[in-house]
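Peer 1: Could you have a look at this structure, given as structure tokens, before my questions?
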Amino acid sequence: MFGIIGGSGLAKLAALDTPRRQVMRTPYGEPSGALTFGRLAGRDIVFVARHGYGHTIAPHEINYRANIWALKELRVEGIFALSTVGGIRADLVPRSLVVPHQIVDYTHSRTSTFFESGANAVTHIDFTQPYSQRMRQRLLEAAARSGEVVFDGAVYACTQGPRLETAAEVNRLEVDGADVVGMTGMPEAALARELELEYASLSMVVNHAAGRGDSKTRVELSQLDEVLRQTVVRAVHVLEAAVRGAA
Ligand code: HPA
């Protein structure tokens, strides 16, 4: 069974057959909402809405540890994480889909590890390649099979939010090598690694990052919902193919 973490625009998976909800508790508190079990493309999956079902939990307020812990407890074989991002690289225009391969973390004050000091010895994890190559490949092959164009590889900059970036901040992110910018990729990916869960992300570009393209002078937030609505349909296509492909 795969775990799917849905972000903005995907608080519930309409494509899910026979959904069943289950409230879970973890040593780290409650996940963002009840977990939804169901079948997608004929396979069992479990779904969690990162921002809650009513989209009420801001990126810095998400209980990332509880979400990841719950999926670990359910013994998922891997996690597909959906997210929305702003495009920095010129070809990553709104409505693009991309499977990032690297992360730069700019978040702060988020609880970002299961390995708190105290009774346990300090534990480090290797994070050279932050995403599971196997799960990334599943998404990319699924995209090819389903005829959706998905970019292979991007450096994902994770900012603290909830405000969007200044134009100068985006310039700095680009100098740092970032191709897209979002607010929820971390610590989610690192926590998955800590629990040895295979994790990959499918990012939907919903706007030009601040100061770029048609966001030159401002990011027109009122347009994002419509772009997201159009893009999420294709993302779900890819997800379905990725889940189905895993025979
Ligand atoms: N910045 C940060 N997070 C985002 C953006 C952005 O421009 N668009 C969607 N999520």
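Peer 1: Mind listing just one residue for me: the one in the range 164-199 that is touching a Pro at 6+ places or on another chain (Cβ under 8 Å) and open to solvent by 20 Å² or more (accessible area, probe 1.4 Å) and, of those, nearest to LEU82 (Cα to Cα)?
Peer 2: Step one: list which residues in the range 164-199 are touching a Pro at 6+ places or on another chain (Cβ under 8 Å), which gives 179-180, 183-185, 189-190, 193.
Add one more test, that the residue is open to solvent by 20 Å² or more (accessible area, probe 1.4 Å), and what stays is 179, 183, 193.
Working: ASP179: 17, MET183: 12, ARG193: 17 Å.
Among those that are touching a Pro at 6+ places or on another chain (Cβ under 8 Å) and open to solvent by 20 Å² or more (accessible area, probe 1.4 Å), it is MET183.
Peer 1: Something else about it: Report yes if GLY6 is over 19 Å from LEU139 (Cα atoms), of a type outside the set (A, V, I, L, M) and open to solvent by less than 70 Å² (accessible area, probe 1.4 Å), otherwise no.
Peer 2: On the way: over 19 Å from LEU139 (Cα atoms): no; of a type outside the set (A, V, I, L, M): yes; open to solvent by less than 70 Å² (accessible area, probe 1.4 Å): yes.
No.
Peer 1: Do we have SER146 as within 13 Å of the ligand (Cβ to nearest atom) and not aliphatic (A, V, I, L, M) here?
Peer 2: Numbers: within 13 Å of the ligand (Cβ to nearest atom): no; not aliphatic (A, V, I, L, M): yes.
No; evaluated as a whole, the condition is false for this residue.
Peer 1: Given the conditions (1) part of a strand (DSSP E or B); (2) under 16 Å from LEU239 (Cα atoms), which single one is not true for THR18?
Peer 2: With respect to (1) part of a strand (DSSP E or B); (2) under 16 Å from LEU239 (Cα atoms), THR18 is out only on (2).
Peer 1: Residue pairs, Cβ under 9 Å, 6 or more apart or interchain, first in the range 35-60 and closer than 25 Å to ALA157 by Cβ, second assigned to a strand (DSSP E or B) and among the hydroxyl-bearing types (Ser, Thr, Tyr). List them.
Peer 2: Here the result reads VAL48/THR36; ALA49/THR36; ARG50/SER83, each pair linking the range 35-60 to a residue that is assigned to a strand (DSSP E or B) and among the hydroxyl-bearing types (Ser, Thr, Tyr).
Peer 1: Here's something else I'd like to know. Just to verify a result, which residue in the range 108-140, among those that are under 21 Å from THR84 (Cα atoms) and charged (D, E, K, R), is surrounded by the most Cβ atoms within 10 Å (Cβ to Cβ)?
Peer 2: ARG138
Peer 1: Considering the range 203-245 alone, what residues qualify as being open to solvent by 30 Å² or more (accessible area, probe 1.4 Å), more than 16 Å from the ligand (Cβ to nearest atom) and not charged (D, E, K, R)?
Peer 2: Matches in the range 203-245: VAL233, HIS237, GLY245.
Peer 1: Which ones in the range 164-202 are near the ligand (Cβ under 9 Å from one of its atoms) and either part of a strand (DSSP E or B) or without any contact (Cβ under 8 Å) to a residue 24 or more places away in the chain (or both)? Spell out how you get there, then give the answer.
Peer 2: First pass over the range 164-202, keeping only residues near the ligand (Cβ under 9 Å from one of its atoms): 164-165, 170, 180-184.
Listed by number, the residues that qualify are VAL180, VAL181, GLY182.
Peer 1: Residues to consider are THR111, THR128, THR123, THR84; find the one that is among the β-branched types (Val, Ile, Thr), assigned to a loop (DSSP other than H, G, I, E, B) and either under 15 Å from the mean Cα position of the chain (by Cα) or under 24 Å from VAL48 (Cβ atoms) (or both). Write out each step before concluding.
Peer 2: Working: THR128 fails: either under 15 Å from the mean Cα position of the chain (by Cα) or under 24 Å from VAL48 (Cβ atoms) (or both); THR123 fails: either under 15 Å from the mean Cα position of the chain (by Cα) or under 24 Å from VAL48 (Cβ atoms) (or both); THR84 fails: assigned to a loop (DSSP other than H, G, I, E, B).
Within the list THR111, THR128, THR123, THR84, the selection yields THR111.
The values are calculated or read from the model by the stated rules, or taken from the named source; none is laboratory data. What you see is a predicted model; the values in this text were computed from it and never measured. Neighbour counts are summed over all protein chains in view; Cβ atoms, including those assigned to glycine, are modelled from backbone coordinates with ideal geometry. What goes into the accessible areas is simple: the full protein's heavy atoms, side chains included, and nothing from ligands, DNA or RNA. Shrake-Rupley method; radii C 1.70, N 1.55, O 1.52, S 1.80 Å.
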